[in-house]
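The values are calculated or read from the model by the stated rules, or taken from the named source; none is laboratory data. Owing to the predicted nature of the structure, the values given are computational and were not obtained by experimental measurement. We place every Cβ from the backbone using ideal geometry, glycine too, and count neighbours over all the protein chains shown. Quick note on the areas: whole protein, heavy atoms, side chains included, nothing else; ligands and nucleic acids left out. Shrake-Rupley method; radii C 1.70, N 1.55, O 1.52, S 1.80 Å.
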Amino acid sequence: MMAALGITTRLSLRELDESYLEAVAEMMGDPRVNEFFYGFQSIKNSTELVSYTSTYFFKSFSKTHAEFGIGGLAIHERGASASDEGTFVGFTGFFPPTTHHPEFGPELVYILGPHCHGKGYAFEAANAAIEYARAVKIGRASGRERV
């Protein structure tokens with residue numbers, strides 16, 4: 001089990017790595033999830049969906065991780081016990097700054113599976129991601145990189 005990078009009352013955040021690619025691609029294939037991600041709406045098959053997900057999310061998160069020390073974070077509903085990793089429900093993290101406004105820094109994103117919509121998980125996970133990013137920034141500034 002991978003160590004949690006952030007924990008809330010109901011959620012735990014873990015590093016989003018390639019082991020999550022299939023789960024994220026499946027989630028992004030749902031029209032209730034990709035409603036505002038127009039590139040995903042035109043995808044016709046699962047192979048194309050996995051490839052696009054890898055390029056769109058995982059490469060962007062890698063770029064932000066390399067530059068700022070934080071990238072993508074998998075969101076899990078906390079399990080019944082400390083040893084229970086819980087169910088993967090979505091992801092959050094930071095995209096690279098836009099090319100037309102780099103002064104704004106990384107952009108916070110979050111996406112949850114449709115069964116988690118309306119529960120307040122996005123707000124909870126986003127706050128935990130921001131707190132983790134602050135801790136990483138403080139660690140990097142003090143020379144104790146926390147990645």
Self-check item: Computed label-point distance, nm, for sites Glu22 and Tyr56 using a 7 Å Cα→Cβ extension
Solution: 2.1
Self-check item: Accessible carbon and sulfur surface of the chain relative to its total accessible area, %, 1.4 Å
Solution: 55
Practice problem: May I ask you to compute the full-extension gain from Glu35 to Lys63, defined as 0.36 nm times their residue separation minus their alpha-carbon distance, rounded to one decimal in nm? | Solution: 7.6 nm
Quiz item: If you add up the charges near Pro96, with Lys and Arg at +1 and Asp and Glu at -1, over every other residue whose beta carbon is less than 14 angstrom from its beta carbon, what do you get?
Solution: -1
Quiz item: Which helices of the chain meet both criteria: a Cα extent of 27 Å or more along the helical axis and a mean Kyte-Doolittle score no lower than -0.5, with helices taken as whole DSSP H segments?
Solution: 121-141
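Could you rank Tyr52, Tyr121, Tyr110 by how accessible they are, 1.4 Å probe, largest area first?
Working: Tyr52 80, Tyr121 20, Tyr110 115 Å².
If we order Tyr52, Tyr121, Tyr110 from most to least accessible, we get Tyr110, Tyr52, Tyr121.
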Quiz item: Can you work out D for the chain in µm² s⁻¹ from Stokes-Einstein, where Rh is the Kirkwood radius over C-alpha pairs, the temperature is 4 °C and the viscosity is 1.567 mPa s?
Solution: 82
Quiz item: Roughly how many Å² of Leu108 are accessible to a 1.4 Å probe, to the nearest 10?
Solution: 50
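Residues of segment 1-136: accessible area per residue at 1.4 Å, in Å²?
Numbers: 7350 Å² over 136 residues.
Here the residues of segment 1-136 average 54 Å² of exposed surface.
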Self-check item: segment 29-107: radius of gyration over Cα atoms, expressed as a fraction of 2.2 N^0.38 Å
Solution: 1.30
Quiz item: For Gly6, which sequence-distant residues (separation of 5 or more, or a different chain) have an amide H within less than 5 Å of its own amide H, given hydrogens modelled in the peptide plane?
Solution: Leu13
